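*Asks:* I'd like to ask some things about the structure below.
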Amino acid sequence: MTEYVIIGDGISGSSAAETLREEDPDANITIITDEGEPLYNRILIKEHAKGKLPEAPISIHDEDWYAEREIELSLNTHVTTIDSEEKIVRIHEGEDIPYDKLLIATGGTPTQLPVPNSDAEGIHHFWTFQDARAIRESAEAADDAVVVGAGLLGIDFAAVCGAQGVEGKYLMRGDRWWRYALSADGAEIMHNGMRDVGVEPVFDSGVDHFETDDDGQVAAAVDPNGERYECDFAGVAIGLTFNTEFLYGTDLEMENGIVVDEYMETNLEDVYAAGDITRFYDVLLGEQAQNGSWGSAKEQGRVAATNMAADAQSEEFQWVSSYSITHFDFPFLSFGHPTLGDEHAERRYSDTEWRRVAFKDGKIVGGVLIGDLSPQSTFKKLMRQQRDVADQAELLLEQSVDMDKLAPAQEQ
Amino acid sequence: MATSETIDRSPTLRRVESVPPDATVRHIDQLEEPTLAWFLETLESGATPTVDAPGLEDGEIIVFTACYRFELS
């Protein structure tokens with residue numbers, strides 16, 4: 001009987017466990033997590049912090065879900081190291097856990113801002129359900145807040161401010177939000193969305209240090225220009241640090257994440273990885289890549305489990321990811337790898353509509369849609385087909401994209 | 001017969017202002033590609049869809065720029 005061990009009970013670990021049970025009904029499956037609650041819906045915790053969703057719908061699995069599938073769930077359990085020679089997972093207390101095949105799906109932890117007082121009371125990071133509960137509590141009692149981190153995670157804090165009636169100052173280091181993927185035209189739409197909910201973007205700013213009161217509670221953020229912004233709480237989202245400390249003593253190949261191939265295999269025999277933590281080989285992009293979206297993590301878990309159960313390179317991971325921002329009156333959708341590629345095309349259509357398509361070697365590798373999401377399906381299809389369409393960018397920027405107008409693939 | 005039941009029940013999306021604790025809720029980033037396409041097209045057109053919604057359950061709430069309840073009327 002095969003012993004499968006999964007470290008991490010996020011969507012990738014849980015998806016893998018479900019797949020393993022389907023593929024190998026007689027196997028022993030163990031999930032180890034240092035969190036204190038089973039799988040919940042990480043995408044929806046921001047809606048809870050905004051005050052829009054109660055807790056109950058955010059939980060996905062209760063402990064019965066695991067019991068019914070005869071999956072051993074070990075909560076509040078810290079893995080200290082793995083021994084890939086002996087095929088053992090060592091935990092902080094209790095007996096070692098042997099494995100035949102191991103999946104690492106431990107994700108990351110928000111990176112702390114490296115400035116004085118960044119660990120003060122009232123400075124929040126946004127990753128777990130517990131984080132969301134604490135942010136909601138702070139926001140409900142706050143008048144002013146500061147947000148740091150001009151990316152896809154930071155904007156959730158801005159949305160919490162808007163939804164909870166908190167006056168927010170969004171401190172950004174550069175001249176716009178998500179400057180790696182948006183031009184000034186695209187970013188301006190997002191800035192206006194922030195302003196509409198009561199959050200003011202502050203450019204060429206950031207945080208030099210935080211000030212605290214006598215109780216150690218954050219009271220203000222001071223930016224590198226010396227400007228002081230009073231706040232009742234601060235939200236920091238400057239990126240993730242991957243949870244790989246327990247792997248430092250191993251020979252696992254890491255490069256800002258765990259390196260895996262398209263089958264989710266690491267360089268160590270019978271050790272796989274899935275989810276945010278991977279630097280995977282993206283077959284559509286033709287190079288190693290990373291992705292933090294829910295769908296990608298879920299699919300990586302499924303593919304890893306399929307190959308683990310087959311004991312072979314049975315299925316490769318091929319996925320076009322989506323990440324949406326739904327906080328404003330207009331929608332925003334990023335797909336694929338919009339910050340990569342060697343050229344791009346973009347157009348603004350109105351005060352709330354903008355589009356960018358990124359190309360690599362003539363093929364679409366990602367993009368951003370603001371306001372009008374209708375072409376997303378077509379663009380993803382072209383990505384999967386790996387169609388050479390960069391020379392037809394004008395057609396891709398028409399308000400309504402008609403695939404029939406594109407030159408047939410076989411004639412290229 | 002199952003087929004006639006399906007035909008008789010028209011799928012709609014209705015905006016809701018609150019979400020009950022016992023609701024099934026998903027964010028649009030959790031929808032499979034055909035479901036996402038259906039959802040966006042239905043909202044965009046504002047009309048009763050002519051094709052069945054793939055992968056949605058009656059009563060399920062989808063979080064988009066607002067919350068939308070999927071109903072089989």
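*Asks:* At a Förster distance of 51 Å, what's the computed FRET efficiency of A:ASP175 paired with A:LEU75, Cβ-Cβ distance as r, to 0.05?
*Replies:* Working from the Cβ atoms, E equals 0.70.
*Asks:* Counting alpha carbon pairs within less than 8 Å and at least 6 residues apart, what relative contact order, in whole percent, applies to chain A?
*Replies:* 14 percent.
*Asks:* Hey, which of these cross-link pairs are over 25 Å Cα-Cα: A:LYS101/A:LYS363; A:LYS101/A:LYS380; A:LYS169/A:LYS380; A:LYS380/A:LYS405; A:LYS360/A:LYS405?
*Replies:* Going by Cα-Cα distance, A:LYS101/A:LYS363; A:LYS101/A:LYS380; A:LYS169/A:LYS380 fall outside the 25 Å limit.
*Asks:* How much length, in nm to one decimal, is gained on full extension between A:THR352 and A:GLU95, taken as 0.36 nm per residue of separation minus their Cα-Cα distance?
*Replies:* Contour length minus the Cα-Cα distance gives 86.8 nm.
*Asks:* Something else now. Which whole-number value in Å² is the accessible area per residue of segment B:9-72, probe 1.4 Å?
*Replies:* 50
*Asks:* Any idea how far apart B:GLU32 and A:GLU55 come out in nm if each label point goes 7 Å out from Cα toward Cβ?
*Replies:* Output for this residue pair reads 3.3 nm.
*Asks:* Enumerate by residue number the chymotrypsin sites (Phe, Trp or Tyr not before Pro) in segment A:184-274 meeting two conditions: DSSP loop (anything except H, G, I, E, B), and at most 11 other Cβ atoms within 10 Å of the site's Cβ.
*Replies:* For chymotrypsin sites (Phe, Trp or Tyr not before Pro) across segment A:184-274 that sit outside H, G, I, E and B with at most 11 neighbouring Cβ atoms in 10 Å, the list reads A:TYR248.
*Asks:* Also, quick follow-up: Quick check on the protein assembly as shown: helices-only [θ] at 222 nm, where DSSP H runs of length 4 and up contribute -39,500 (n - 2.57) each and the sum goes over total residues. Nearest 500, please.
*Replies:* -6500 deg cm²/dmol
*Asks:* Nearest 0.05, what FRET efficiency do A:ASN256 and B:GLU71 give at R0 = 51 Å with Cβ-Cβ as r?
*Replies:* It comes to 0.65.
*Asks:* Oh, and also: Among A:ILE97, A:VAL207, A:THR2, flag the residue with its Cα farthest along the positive direction of the charge dipole of the protein assembly as shown, charges on Cβ as +1 for Lys/Arg and -1 for Asp/Glu.
*Replies:* Farthest towards the positive end: A:VAL207.
*Asks:* Working out 0.36 nm times the residue gap between A:LEU397 and A:GLN385, then minus their Cα-Cα distance, what length gain in nm do you get to one decimal?
*Replies:* 2.4 nm
*Asks:* Under a cut-off of 17 Å between alpha-carbon atoms, report the aspartates and glutamates in cross-link reach of A:LYS46, not counting same-chain residues fewer than 8 places apart.
*Replies:* A:GLU55, A:ASP131, A:GLU137, A:GLU140, A:ASP156, A:ASP329, B:GLU17, B:ASP29
*Asks:* Arrange the residues A:ARG179, A:ARG69 by how much accessible surface each exposes, largest first, with a 1.4 angstrom probe.
*Replies:* Solvent-accessible surface, decreasing: A:ARG179, A:ARG69.
*Asks:* Here is a follow-up. Using the charge dipole of the protein assembly as shown (Lys, Arg: +1 at Cβ; Asp, Glu: -1 at Cβ; taken about the Cα centre), state which of A:ALA56, A:HIS344, A:ILE155 has its Cα farthest towards the positive end.
*Replies:* Going by the charge dipole, the pick is A:HIS344.
*Asks:* For segment A:1-99, run through the GluC sites (Glu not before Pro) and keep only the ones in DSSP coil with at most 11 other Cβ atoms within 10 Å of their Cβ.
*Replies:* A:GLU85, A:GLU86, A:GLU93, A:GLU95
*Asks:* Extension gain A:ASP342-A:GLU85, at 0.36 nm per residue separation less the Cα-Cα distance, in nm?
*Replies:* Taking 0.36 nm per residue and subtracting the Cα distance, the gain is 88.3 nm.
*Asks:* On average, how many beta carbons from a partner chain sit within 10 Å of the beta carbon of a residue in B:12-21?
*Replies:* So the per-residue partner count for this stretch is 2.
*Asks:* While we're here: What FRET efficiency comes out for B:GLU17 versus A:ASP361 if R0 is 35 angstrom and r is the Cβ-Cβ distance? Round to the nearest 0.05.
*Replies:* 0.15
*Asks:* A further question follows. Given labels modelled 7 Å from the Cα in the Cβ direction, how far is it in nm from B:SER10 to A:ALA184?
*Replies:* Result for the modelled spin labels: 4.9 nm.
*Asks:* Sticking with this structure for a sec: Between segment A:153-203 and segment A:353-380, how many Å separate their Cα centres?
*Replies:* Taking the Cα centre of segment A:353-380 as reference, the centre of segment A:153-203 is 22 Å away.
The values are calculated or read from the model by the stated rules, or taken from the named source; none is laboratory data. Computed from a predicted model, the values in this text were never measured in an experiment. Note that each Cβ is placed from the backbone with ideal geometry, even for glycine, and that neighbours are counted across all protein chains shown. For accessibility, only protein heavy atoms count, side chains too; no ligands or nucleic acids. Shrake-Rupley method; radii C 1.70, N 1.55, O 1.52, S 1.80 Å.
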